[in-house]
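Asks: Sharing a structure below in structure tokens format, with a few things to ask.
The values are calculated or read from the model by the stated rules, or taken from the named source; none is laboratory data. Here the structure is a predicted model, which is why all the values come from computation and not from measurement. Here the Cβ is made from the backbone with ideal geometry for all residues, glycine too, and neighbour counts use every protein chain on show. Just the protein is used for accessible areas: all its heavy atoms, side chains included, with ligands, DNA and RNA removed. Shrake-Rupley method; radii C 1.70, N 1.55, O 1.52, S 1.80 Å.
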Amino acid sequence: MGIIVEDGEMVGAPDGGWGWIVLLGCFVVTGFSYAFPKAISVYFKELMKDFDCGYSDTAWISSIILAMLYGSGPIASIMVNKFGCRRVMLVGGLLASGGMIIASFTTNIIQLYLTAGVITGLGLALNFQPSLIMLGSYFDKRRPLANGLAAAGSPVFLSALSPLGQLLLNRYGWRGGFLITGGLLLNCCTCGAVMRPLKCKERKVIACSQELKEMLPPEAGQENIVCENNNDKKPSKKKLLDFSVLADLGLIIYIIAKFIVVLGLFVPTILLVNYAKDQGVPDQDAAFLLSIIGFVDIFARPTCGVVAGLKWIRPKMPYFFSLALLFNGLTDVCSATSTDYKGLVIFCVFFGLSYGMVGALQFEVLMGIVGKSGFSSALGLVLLVEAVAVLIGPPSAGYLVDKYKNYELIFYMAGGELITAGIFLALASFFFIRRKKHKDRQQKHHGDVPINIKT
């Protein structure tokens, strides 16, 4: 990615320098955004006692945070266009922190939904996407490395936040834990403060925004930005979401599969700690189970990324992704009857591996379907659909536990959804790809027919 100035000279991304500080900020923001909705589950047991509610009621907290994170993309994009990344992130950090601080004074579960769920979730969304925009502006040649390091924030923070949350719960109760967590989330403001916008080299008269004009989707590349040399010419406006990408059958298949995936993907991590505690596992050991998933995930993602880059794997990426989904689903199903701590640890190791594979492959598959030009709009639509799914999956699993008092059901449910998604994606991709190849052969055949033109 570069910036074209008036005389056509390309001002490239630094690929280092202050960009490493930006990368560090993105690492922290990514960690809070993806790990926090899962790590907060260590408080659920105490919340159920204080507010006299069930598993499904507390599961809504994580679901709302994730839904806000996924569904607030267009809002974040509009705010970045108007105010710039740094200001938006500062406001987002205050919202994320303020939501948890206010949540520590709540008196019922509905207030928790509004504070810890909506306000904190929106704050994290206003930090996450602008941070990736700035990361894309600072890195070009090293962008894959930068995105990989930033994405590592999720498993690293999951490994740390879960035992920390249990420690705070034991010492200060859930209200004190929420209050301290709110203070920790103020670090998002620090991350926003270091997001120094790049400036174009001046030539004669250059009108160029210091901020990127488009939201960079998670783990995606950034397109070039053209700086116009016109005082009276305004930058061309682009659609936030281009619905024409839905004409691609491959994208429709992917969206359906991802909706099914998200119904079950987050269920085990959100309810795992409660499950372990109900089986008699000590609180600190139960919280450490999420850390195990995080540790394995740290190594699974880059390893899977390297394997996916092999020349004989990359053309078959949808099938590799389907294999990851089947692996994750079978892990859930095969571990449904695990009740002792050793069995849960084994489950966490295999779940972390399969979860890391899914996380490493999902956006690469989407990029292969729609290409770079349609990636931004396609990902925006996918995230909006996932926001709906994440509001259905975990609360539904909690409802099953409340009604039948049986945790095995949620593992079978989550695993069945992942297996269904994997089989559907593999079969649909096979027939879609075969149909597309047949169509391409026909077009090539017709293109080879000589055309005689009389003169």
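Residue-wise test of (1) under 19 Å from ALA160 (Cβ atoms); (2) open to solvent by 10 Å² or more (accessible area, probe 1.4 Å).
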| site | (1), (2) |
| --- | --- |
| PRO37 | yes, no |
| LYS49 | no, yes |
| GLY54 | no, yes |
| SER63 | no, no |
| PRO74 | no, yes |
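Asks: Another question about this same structure. Has the stretch 92-108 got at least one residue that is in contact with a Lys or Arg (Cβ under 6 Å, 6 or more places away or on another chain), polar (S, T, N, Q) and at pLDDT 90 or above?
Replies: For the stretch 92-108, residues in contact with a Lys or Arg (Cβ under 6 Å, 6 or more places away or on another chain), polar (S, T, N, Q) and at pLDDT 90 or above: present.
Each row is one residue, and each column tells you yes or no for (1) more than 18 Å from ILE270 (Cβ to Cβ); (2) in contact (Cβ under 8 Å) with a residue 24 or more places away in the chain; (3) open to solvent by less than 40 Å² (accessible area, probe 1.4 Å).
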{"position": "LEU383", "(1), (2), (3)": "yes, yes, yes"}
{"position": "ALA389", "(1), (2), (3)": "no, yes, yes"}
{"position": "PRO395", "(1), (2), (3)": "no, yes, yes"}
{"position": "TYR399", "(1), (2), (3)": "no, yes, no"}
{"position": "ALA414", "(1), (2), (3)": "no, yes, yes"}
{"position": "PHE424", "(1), (2), (3)": "yes, yes, no"}
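Asks: Working only within the stretch 359-418, note down all residues that are among the aromatic types (Phe, Trp, Tyr) and within 19 Å of the chain's Cα centre (by Cα).
Replies: Just the residues of the stretch 359-418 that are among the aromatic types (Phe, Trp, Tyr), to begin with: 363, 375, 399, 404, 407, 411-412.
Across the stretch 359-418, the qualifying residues are PHE363, PHE375.
Asks: Okay, next question. Any chance the stretch 403-411 includes a residue that's out of contact with any helix residue (DSSP H, G or I) (no Cβ under 6 Å at 6 or more places or on another chain), surrounded by fewer than 21 Cβ atoms within 10 Å (Cβ to Cβ) and in contact (Cβ under 8 Å) with a residue 40 or more places away in the chain? Give the steps one after another, and end with the answer.
Replies: Start the filter on the stretch 403-411 by keeping residues that are out of contact with any helix residue (DSSP H, G or I) (no Cβ under 6 Å at 6 or more places or on another chain), which leaves 403-406, 408.
With the extra rule that they be surrounded by fewer than 21 Cβ atoms within 10 Å (Cβ to Cβ), the set shrinks to 403-406, 408.
Subsequent filtering for residues that are in contact (Cβ under 8 Å) with a residue 40 or more places away in the chain retains 408.
Yes.
Asks: From the list SER373, SER377, exactly one residue is in a helix (DSSP H, G or I), farther than 18 Å from ALA421 by Cβ and either among the acidic types (Asp, Glu) or open to solvent by 70 Å² or more (accessible area, probe 1.4 Å) (or both). Which is it? Don't jump to the end; show me each part of the working.
Replies: Working: SER377 fails: either among the acidic types (Asp, Glu) or open to solvent by 70 Å² or more (accessible area, probe 1.4 Å) (or both).
Among SER373, SER377, only SER373 is in a helix (DSSP H, G or I), farther than 18 Å from ALA421 by Cβ and either among the acidic types (Asp, Glu) or open to solvent by 70 Å² or more (accessible area, probe 1.4 Å) (or both).
Asks: Would you mind stating whether VAL29 is β-branched (Val, Ile, Thr) and open to solvent by 30 Å² or more (accessible area, probe 1.4 Å)?
Replies: Numbers: β-branched (Val, Ile, Thr): yes; open to solvent by 30 Å² or more (accessible area, probe 1.4 Å): no.
Taking the combined requirement at face value, the residue does not satisfy it.
Conditions (1) of a type outside the set (Lys, Arg); (2) open to solvent by 20 Å² or more (accessible area, probe 1.4 Å); (3) over 17 Å from the mean Cα position of the chain (by Cα), marked per residue:
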site	(1), (2), (3)
ILE101	yes, yes, yes
PHE139	yes, no, yes
PHE157	yes, yes, no
LEU168	yes, no, yes
ILE180	yes, yes, yes
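Asks: Surrounded by 24 or more Cβ atoms within 10 Å (Cβ to Cβ) and out of contact with any helix residue (DSSP H, G or I) (no Cβ under 6 Å at 6 or more places or on another chain): is that true of SER162 in this structure? Let's see the steps before the verdict.
Replies: On the way: surrounded by 24 or more Cβ atoms within 10 Å (Cβ to Cβ): yes; out of contact with any helix residue (DSSP H, G or I) (no Cβ under 6 Å at 6 or more places or on another chain): no.
No.
Asks: Oh, and also: Name the residues in the stretch 295-351 that are assigned to a helix (DSSP H, G or I), closer than 21 Å to ASN406 by Cβ and open to solvent by less than 50 Å² (accessible area, probe 1.4 Å), would you?
Replies: Residues satisfying the conditions are GLY329, THR331, ASP332, VAL333, GLY343, LEU344, PHE347, CYS348, PHE351.
Asks: Looking only at residues that are of a type in the set (D, E, K, R) and under 34 Å from the mean Cα position of the chain (by Cα) in the stretch 419-455, which one is modelled with the lowest pLDDT? Outline the logic, then answer.
Replies: So in the stretch 419-455, the residues of a type in the set (D, E, K, R) come out as 434-437, 439-441, 444, 448, 454.
Then keep just the ones that are under 34 Å from the mean Cα position of the chain (by Cα); that gives 434-437.
On the way: ARG434: 69, ARG435: 72, LYS436: 68, LYS437: 60.
The residue in question is LYS437.
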